[in-house]
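Take a look at the structure set out below.
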Amino acid sequence: MLHPRLALTAWFASFFLGILLILTALLVSIVGAVTASSAHPHTEAVLLTPAAWLGLGGFGAALAFITASASTVVAHDGVPERAFTALACSREKRSDFTLVRFESDQHVACAVPGRHPEILVSTAMEAALSLPQLQAVLAHEYAHLRARHGWAIRIARVNGACLPNTRPGQAFQQATRLLIELTADDTAARQAGAANLANALSTLAEITGAEGLRLRAERVTARRWPPSKQRRLPEAVRIAAPA
């Protein structure tokens, strides 16, 4: 996929447009019922008014269900990340986030959005990658924070909670996760270098056996990128070379 950011925008634009059309149809039915009740008290109003109230009641029930699902999603947000944070061996305050290093033999790097955003990196991840590769991974996670991808994931999870064990709900979550990963890959490749990011993904694919990482590395390698002189690695993700 050449333009994941555009695809992600179009995906969510379609999603919210569908919601807007449903609300518009409900509003039109209510206005039509009120108008018909005044102009034709014994004809159209008999049909329109019950339909409008049924639609309003259905919308209220749907809203209550969505709210309950969202509460469940929010309650479970960040639970795995908080477990990693408990193992922190260092916390380094950066300009836009806190870099948290933690002891683990798992190869983990993840962004944790919120009022106090963090990027978590395991000691195994740092040991497996070279400095340029690690900076590319941090640029990827930083891109998630800057683009507020956490909101996209949360919306997709709420949608999945409203449609549990259904193909549309699962497909929406899977597509959202894939598109935000590819979008962050593109940002990191431009900032830290496509070769560094592709090598990091390939290394992690060999260690973990994750086919998705290998495919992402191949995608990054196959694309054309601006020359190296145009790279602008954010200061927030720079790591000083060991003395």
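The values are calculated or read from the model by the stated rules, or taken from the named source; none is laboratory data. Nothing here was measured: the structure is a model prediction, and the numbers come from that model. Because the Cβ atoms are built from the backbone with ideal geometry, glycine has one as well, and the counts that use them run over all protein chains shown. In case anyone asks, the SASA skips ligands and DNA or RNA and just uses the protein heavy atoms, side chains included. Shrake-Rupley method; radii C 1.70, N 1.55, O 1.52, S 1.80 Å.
Among (1) more than 19 Å from the chain's Cα centre (by Cα); (2) assigned to a helix (DSSP H, G or I), where does T183 come up short?
Of everything listed in (1) more than 19 Å from the chain's Cα centre (by Cα); (2) assigned to a helix (DSSP H, G or I), T183 misses just condition (1).
When region 202-223 is examined, which residues are found to be in a helix (DSSP H, G or I), under 11 Å from A189 (Cβ atoms) and touching a residue at least 24 places away in the same chain (Cβ under 8 Å)?
Selection gives R216, R219, V220, T221.
Test of understanding: among A143, A64, which residue is aliphatic (A, V, I, L, M), at pLDDT 90 or above and either buried (at least 18 other Cβ atoms within 10 Å of the Cβ) or in a helix (DSSP H, G or I) (or both)?
A143
In region 102-127, which residues are closer than 14 Å to V237 by Cβ, touching a Ser or Thr at 6+ places or on another chain (Cβ under 8 Å) and open to solvent by 20 Å² or more (accessible area, probe 1.4 Å)?
A109, P117, E118
Quick check on region 105-147: of everything there that is in contact with a Lys or Arg (Cβ under 9 Å, 6 or more places away or on another chain) and β-branched (V, I, T), which residue is farthest from L204 (Cα to Cα)?
V112
The rows are residues; the columns are (1) open to solvent by 80 Å² or more (accessible area, probe 1.4 Å); (2) more than 25 Å from Q106 (Cβ to Cβ); (3) in contact with a strand residue (DSSP E or B) (Cβ under 6 Å, 6 or more places away or on another chain).
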site	(1), (2), (3)
H149	no, no, no
L178	yes, no, no
A184	no, no, no
Q191	no, yes, no
A200	no, no, no
T203	no, no, no
A210	no, no, no
R214	yes, no, no
Q230	yes, yes, no
